[in-house]
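Each value in this text was obtained by applying a stated rule to the coordinates, not by laboratory testing. Note that the coordinates shown come from a computational prediction; the quantities given were computed from them, not determined experimentally. All Cβ positions, even for glycine, are placed from backbone atoms using ideal geometry, and neighbour counts span all protein chains on display.
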């Protein structure tokens with residue numbers, strides 16, 4: 001196993017990613033497989049600490065769910081009301097709490113994204 005060290009900066013992060021690429025086919029239980037496990041854990045911790053993932057805005061989240069579930073704008077209009085759906089999707093108006101709850105309950109849009 002190579003000399004694995006904590007990842008504190010982008011240089012070490014890049015080196016760890018390069019080493020992970022080299023080890024991707026390592027068998028579990030081998031020294032290389034163990035090194036791969038350790039490096040992926042370290043890379044994950046570094047990414048979580050330095051590259052937080054923000055929720056998308058409400059419109060983007062709704063568009064994503066619509067695409068994934070095959071919903072059309074008409075489906076959104078039926079849920080929110082035609083003019084409200086249009087104003088929301090064109091970013092002219094925010095969702096009301098009841099609309100956010102309906103999107104979360106009926107379509108599974110994450111509440112964090114709807115309320116961001």
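Some notes on this structure:
- The chain: angle of helix 10-23 to the longest principal axis, Cα-based, in degrees nearest 10: 80 degrees
- The stretch 4-65 pair-distance distribution - Cα-Cα, 10 Å bins, rounded %: 21, 37, 20, 18, 4
- Using alpha-carbon coordinates, inclination of helix 31-50 to the longest axis of the chain, degrees: 40 degrees
- Least to most buried among 62, 4, 109, 43 (fewest other Cβ within 10 Å first): 4, 43, 109, 62
- Theoretical ellipticity at 222 nm over the chain - DSSP helices of four or more residues, -39500 (n - 2.57) apiece, nearest 500: -18500 deg cm²/dmol
- Stretch gain in nm, segment residue 67-residue 102, where the contour uses 0.36 nm per residue and the Cα spacing is subtracted: 10.8 nm
- Normalised by residue number, the volume inside the convex hull of the Cα atoms of the chain is 147 Å³ per residue.
- Gyration tensor (alpha-carbon) shape descriptor, the stretch 58-115, a/c threshold 1.5: rounded
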